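Have a look at the structure below before the remarks.
Rule-based calculations on the coordinates, nothing more; no lab input. If you're wondering where the values come from, they're calculated on a predicted model, not measured in any experiment. Cβ sites come from the backbone with ideal geometry, for glycine too, and all protein chains shown count toward neighbours.
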Amino acid sequence: MEGKGKFTYSSGGIYEGDIKEGKRSGKGTYKFTNGNHYEGQWADNNQEGEGKFYYQEGGDVYSGQFSKGKFHGFG
C-alpha cells in the first residue's frame, strides 16, 4: 500500500496519514485506545523526527524530537 490512508487496528488504535510500502511513513496521526495520540513524522512504523504526543489524562503535551518511537533530544 502506498499514499494516504487510514488503518484501524484490532487493538482499537487508529492511524491516519502517509503510508509507504504498507508502513506508517511520512506525516500521520495515531490515536491510542487509552485516549493518547501522536501527530507528526513517521518512518518504518515508528515515530521519527518532529512530532507531538498528547496525553489524555492531565492534558500534558510533549512537543519535540522522536527517534525509533521514543522521545529523543530536545522537547
Quiz item: Mean separation of Cα pairs under 8 Å and 6+ residues apart, divided by the residue count of segment 1-62: what relative contact order is that in percent?
Solution: 22
Quiz item: For percent of Cα pairs over 15 Å apart, the choices are (1) 62; (2) 52; (3) 56; which was calculated from the structure?
Solution: (2)
Quiz item: Nearest 20 debye, what's the magnitude of the dipole of the chain about its Cα centre given +1 on Lys and Arg Cβ and -1 on Asp and Glu Cβ?
Solution: 100
